[in-house]
Amino acid sequence: MYKSLAILIICCVSFQFAFAQNFGNFPKIEKDKLLNDLEILYQGLDKFHSGMYWYTPKDSVDMAFREVRKHITTDLNVLEFHKLIAPLVALSREDHTNMYLPKSVKDKINTEIKFLPLTFVFLGTELYCNKNGSNFQDYVLEGKQIETINGETPTRIVNNIGELFASDGYIKTVKYSDLEGFNFSKHYFYYYGQVNQFEIKFKGIEELVIIKPLEIEAINQYLNSRYQRPKKNKDKKVLEYHILNNSIAYLGIHSFNNDIIKKNSKEKTLSAFLKNSFKSIAENNIKTVIVDVSKNSGGSEGNEGLVYSYFGDNYQKYKKVRTKTQKAILDNGTDKPITLKAFGFFERNFTNKKMKDGSLERKESFGKGLMAYKKEPDYKFSGKTYVIISPVTYSGGSEFSNMMYTNDLATFVGQETGGGYLGNTSGYGKALVLPNSKIVIKIPALQFVMNVAPKLPIGRGVIPHYEVIPTFEQYRNNENASLKYILEELETKR
């Protein structure tokens, strides 16, 4: 009841602003065609998204769609329509569910739309100017905390523009971290439209700073003239192993993507890296291991279990892995029907079993299976373990964190993970192109329900035992604030 009412209020707030704002000179799309797109979107999420109703009940989703239908009473351009349907997609509460504007629209935005000409970073919930791409130079703005923009606090703004994209469950850290760089300015436009000027209150500057919006080309010219471009790191380290002192080792595992690991690590595979690292840990009698997955947004399935195998006993890590359906046919009665399929022949027939409700569930031991890992490693570690996490810790990165957390194998430091503790809906994402607006929605088909103890609130990620938020200086200098905290605050007190 209360969730439905909250969704209704959110949708009505979006309606209030959607038609009065200036989203640029884009062609209008006929009302009936928009309603047809809305029906295809509903069917796509309802029939194919395996985790659509994990956190948001179906009756609440249905109510939200009905409200949007009632408010499409006239022709709209693609950005006006985007603002209406983005909160509907976000009701999936699954960060693997993504929306993309048509290329022609993005190209027009990049050449004609004027944006807030700053880049930003949220450190916790505090907003900072990182770089100044405007023609305002009366004050140094870099590193200044922002208190309000056009009278609204950053928290209020994130509450608004955060309606336009999903995060896993009810995790809020992602809503802030995803707005790093120029993403804040772009999403500000997607929600508020074009504005004539930005009145910004910076902490430490008494008067309001008035900044005029600029096109991207002009912003880039200012940025390129003021800041040195970061050098491309030819030795990009996705996997790091360091002995920090006689008793502490650091493992930086920044990706689980096998292709990225092969390209950017000397070992070429995660398994070889781990074997070499833990052999060294054993030979050097290391007492403490720090595993850093704060930059790990996932990758190839199974790698999360591979790392976990060096710390914990094997167990069934997934309660189940399921798809709602193998094939969904979307038909609004006017446009050509769209078919979305989940599995190929082998997985459909051999690695999954069909359930009474028509869904498919992964078999326990065949193929990737449900267990944490396949093989016990040679060099198991049983000493003190820390895991560094952040809102970027996501998908496979968060699954590793979930396994370590539920089995009490580590002390967690940093910020709440971006990936949900209960699991995620990902894998076999299919691109649904709405036939008239050409907006693309990537719908994930595979729901991973993790076998975790009820230690955290429903809909949250792993919450660190010690929260560490970097200062702006640490952020700008690319310092690892959580690692510093572990070495200076936690290890020295042991």
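Just so it is clear, none of the values below were taken in a lab; they were calculated from the coordinates. These numbers were taken from a predicted model, which means no experiment stands behind them. FYI the Cβ positions are ideal-geometry reconstructions off the backbone, even for glycines, and counts take in every protein chain you see.
A few points about this structure:
- ³J(HN,Hα), Karplus 6.51/-1.76/1.60, whole Hz, each residue of the stretch 382-396, x for Gly, Pro: 10, x, 6, 10, 10, 10, 8, 10, 7, x, 7, 5, 8, 6, x
- In this structure, the amide hydrogen of LEU118, modeled 1.01 Å from its nitrogen in the peptide plane, lies closer than 5 angstrom to those of GLY133, counting only residues at least 5 positions away or on a different chain.
- Check: the chain dipole with +1 on Lys, Arg Cβ and -1 on Asp, Glu Cβ, in debye: 1540 debye
- Loop exposure criterion: chymotrypsin sites (Phe, Trp or Tyr not before Pro), DSSP state outside H, G, I, E and B, at most 14 other Cβ atoms within 10 Å. Applied to the chain, the longest stretch between such sites is 367-494.
- A convex hull fitted to the Cα coordinates of the stretch 145-288 yields 208 cubic angstrom per residue.
- Over the stretch 239-493, the hull volume per residue, using the convex hull of the C-alpha atoms, is 165 Å³.
- Here the Kirkwood formula, the inverse mean of 1/r across different C-alpha pairs, assigns the chain a hydrodynamic radius of 24.4 Å.
- Eligible aspartates and glutamates near LYS275 by straight Cα distance, threshold 18 Å, same-chain separation 8 or greater: GLU240, GLU267, GLU283, ASP292, GLU304, ASP313, GLU376, ASP378
- From its DSSP helices (H runs of at least four residues, each -39,500 (n - 2.57)), the chain gives a residue-normalised ellipticity at 222 nm of -9000 deg cm²/dmol.
- Computed over the alpha-carbon atoms, the stretch 113-226 gives an Rg to Rh ratio of 0.94, Rh here being the Kirkwood radius from the mean inverse distance.
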